[in-house]
Amino acid sequence: MIATDSFLPLARAVARQQGLESMAVVTIPHPIGGVEPEQLDDMLAAAVDRVAAALLSSPEEVETVPAPAVHDAPGDVLEFLAFAEERRWSDGLPSVPPTEELVERAVAATGRDAGHLVGLVPPSNRGASVGAIAANAVMAGCPPELTPVVVAAVEAALEPRFNLQALTTTTHPVTPLVVVHGPVAERLGFNGGPNAFGQGNRANAGVGRALRLVLQNVGEARPGETDRATHGTPGKYAYCIAENAAGSPFETFHAARGGGPGGAVTVFGGEAPHNINDHGSTDAAGILNTIAGTLASLGSNNLYLRGQLLLVLGPEHAEVLAREGYDRRRIQEALHAHPRARISLAGVSEGNFDRYRRTAPHVFADVPDDGVVPMLDGPESLLVMVAGGPGKHSMLVPSFGTTEAVTVDVSPGPARGAADG
Amino acid sequence: MVVRIVDPSGSEPPTQRLDTTPRPASLAGARIAVLNNGKPNAEHVVRRLAGHLAERFGTQEPEGAEKPNSSRPFEAEVLDRFRNFDAAVVGVGD
């Protein structure tokens, strides 16, 4: 395997994941992109002896030592934090020691066995059992009753169509956004109102952070190593909101996603949200114009990897749209067809245009160099929900592109006598 | 004071270690697959390296495949084409 040197830890992780831990890897200097191909030739000629030697070398046996299931850790706060950091169980913020008692209570709240395997978390492919998820939820500061929401979020993120492998290892600034909707959001005190994306709510912060800790501690998505993000995004600490169902003048997101009676989570592989400020418009046409203009962005993965974007309407913008008869479907159709939701290729560099044509020929193959292309493949590429409080703002969350939102019901847990899923 | 804590790193990966075929003693006449990960210049890198291998070590002309989207894995049927090759050159990087 050839790896640019910055990507060596990821190359090793992928080899291990495929059962070829000892695979020969030859490194070449990073980067290979962003230069003319011929500029790489001397370096490639110099690397070929190492490639030939690697192809002829026999793999060495690699021994791995399984981690113990429990540890004796220091009870002192600062010493515990150092202990956790040494083992790389840290996102940089302080964490709660996942004592056996706290983890047991968190597991009990799920109504499942600690050993129940929810799935394998890439890129390590280590197993996320309910017990391990509960330990991370405790570390993130979740009270026991939030654990079923964390389990549902992990389950959703592990659905193959979510493409977690690519999301956690990419250079792109993406992380799973957890949207909590249905009765569970209110029952457990999630915030879908003022400052929904911001600080100040334990449920939002705890669940968002717990999912990230699972990706890091179980999946071994490690910044600068296997997590190759160029900049990352603040949502990698915690990225969780609730739907503002009471502020939704049309069918709720929960109903549109087919969520169950107790509530559900939807995970969305999103960038940071981008503001849609419209204080001036007094009618639907004005607001749609502003949203469409915000949709059209040269910097977004969605331009060439396509896929979904999430529109989070503030309740006041939603109200103006609904007053003129717009429901979710009409909003989606209007924005898909909107002349402002198009990108002029006159602004796209030749190198990017060539890449776009190969990646999304259905959009770019037959368009002239000075033509325009739509941002959305279809109306349904735009997910629409209502969240936030009073004010004339909405939010647009572009996605990684090669990912699909996934919805999973939150198991009601043992208190309601529901069967284990 | 010591507290007993649960390890948050989950269980060992169940991935089965794959057996690799014995390595060839020489690259002369070897069939080499070159797999391009879809990133800019990746095609140039793997092709050029394979060209050098043919020139200097006498491998057969390499055969290749490209991922149309670098964010997705290769399709199994693409990889099946290379099942009986002697070696493959693949890439991770940017």
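The values are calculated or read from the model by the stated rules, or taken from the named source; none is laboratory data. Fair warning: this is a prediction, and the values are worked out from it, not measured in the lab. Here Cβ is always computed from backbone atoms with ideal geometry, including for glycine, and neighbour counts include all displayed protein chains. With ligands, DNA and RNA removed, areas are computed over all heavy atoms of the protein, side chains included. Shrake-Rupley method; radii C 1.70, N 1.55, O 1.52, S 1.80 Å.
Work out which residues of segment B:28-57 lose at minimum 50 square angstrom of accessible surface when the other protein chains are put back, relative to the chain isolated, with a 1.4 angstrom probe, and list them by number. Residues passing the criterion (a loss of at least 50 Å², heavy atoms only) are B:Pro40, B:Asn41, B:His44, B:Val45, B:Leu49, B:Arg56.
One quarter of the convex hull surface built on the alpha carbon atoms of segment A:77-264 amounts to 10.7 nm², the projected area averaged over directions.
Quick one: divide the alpha-carbon radius of gyration of segment A:212-280 by 2.2 N^0.38 Å and tell me what you get. Its radius of gyration relative to the 2.2 N^0.38 Å reference: 1.49. The base-10 log of I(q)/I(0) for segment A:272-398, evaluated at q = 0.11, 0.13, 0.20 Å⁻¹, reads -0.38, -0.52, -1.07 [Debye formula, identical scatterers on Cα atoms, solvent excluded].
What FRET efficiency comes out for B:Glu66 versus B:Ala25 if R0 is 35 angstrom and r is the Cβ-Cβ distance? Round to the nearest 0.05. Rounded to the nearest 0.05, the efficiency is 0.70.
Highest mean packing comes first when the peptides A:331-344, A:271-284, A:384-397 are listed by Cβ atoms within 10 Å, giving A:384-397, A:331-344, A:271-284.
Candidate cross-link partners of B:Lys67 among the lysines, defined by an alpha-carbon separation under 20 Å and a same-chain spacing of 8 or more, comprise B:Lys39. Accessible surface for chain A, divided over its residues, is 41 Å² per residue with a 1.4 Å probe. For chain A, the fraction of C-alpha pairs farther apart than 28 angstrom is 54 percent. Counting 0.36 nm for each residue step from A:Glu38 to A:Ser58 and taking away their Cα separation leaves a gain of 4.0 nm. Under 5 Å from the amide H of A:Ile2 lie the amide H atoms of A:Val26, B:Val90, B:Gly91, B:Val92, each residue being 5 or more positions distant or on a separate chain, with H modelled from the backbone and absent for Pro and chain starts. Rounded to two decimals, the Cα radius of gyration of segment A:153-211 over 2.2 N^0.38 Å is 1.25. Hey, could you grab the Kirkwood Rh for segment A:1-160? Inverse mean 1/r over distinct alpha carbon pairs, Å, one decimal. Evaluated over segment A:1-160, this radius sits at 19.1 Å. Using the Cα centre of chain A as origin and beta-carbon charges of +1 (Lys, Arg) and -1 (Asp, Glu), tell me which of A:His172, A:Leu313, A:Ile2 is placed farthest towards the positive end of the dipole. Checking the options against the dipole of chain A, the answer is A:Leu313. Once both labels are positioned 7 Å from their Cα atoms along Cα-to-Cβ, the gap between A:Glu100 and A:Gln18 label points is 4.2 nm. The helix-only estimate of mean residue ellipticity at 222 nm for chain A, built from DSSP H runs of length n ≥ 4 each weighted as -39500 (n - 2.57), is -10000 deg cm²/dmol after division by the residue total.
Using the Cβ-Cβ distance between A:Arg187 and A:Thr230 with R0 set to 45 Å, the FRET efficiency from 1/(1 + (r/R0)^6) comes to roughly 0.70. Annotation for segment A:1-54 versus segment B:1-56: alpha-carbon center distance of 9 Å.
When you filter the trypsin sites (Lys or Arg not before Pro) in chain B for DSSP loop state and at most 10 other Cβ atoms inside 10 Å of their Cβ, you are left with B:Arg83. Figure legend: label point modelled 7 angstrom from the Cα of B:Ala54 along Cα→Cβ; residues of segment B:26-43 with amide N under 15 Å from it are B:28-35. Residues of segment A:1-29 buried by at least 30 Å² of accessible area upon assembly of all protein chains, compared with the chain on its own (1.4 Å probe): A:Met1, A:Ile2, A:Phe7, A:Gly19, A:Leu20.
For segment B:32-89, the C-alpha radius of gyration divided by 2.2 N^0.38 Å, with N the number of residues, is 1.12. Within the accessible area of segment A:272-398, the carbon and sulfur atoms contribute 49%, probe 1.4 Å, all protein chains present.
With R₀ fixed at 25 Å, the C-beta to C-beta distance from A:Arg161 to B:Glu77 puts the FRET efficiency at about 0.80. Extension gain, A:Arg329-A:Ser297: 0.36 nm per intervening residue step, less the Cα-Cα distance, totals 9.3 nm. Distance from the Cα centre of segment A:328-359 to that of segment A:179-206, in angstrom? Taking the Cα centre of segment A:179-206 as reference, the centre of segment A:328-359 is 33 Å away. Over both sides of the B-A contact, add up the buried accessible area with a 1.4 Å probe and give it to the nearest 100 Å². Approximately 5400 Å² gets buried when B meets A. Take the convex hull of the alpha carbons in segment A:2-56; its mean projected area over all directions comes to 4.1 nm².
When you restrict to C-alpha pairs under 8 Å that are six or more residues apart and normalise by the size of chain A, the relative contact order lands at 19 percent.
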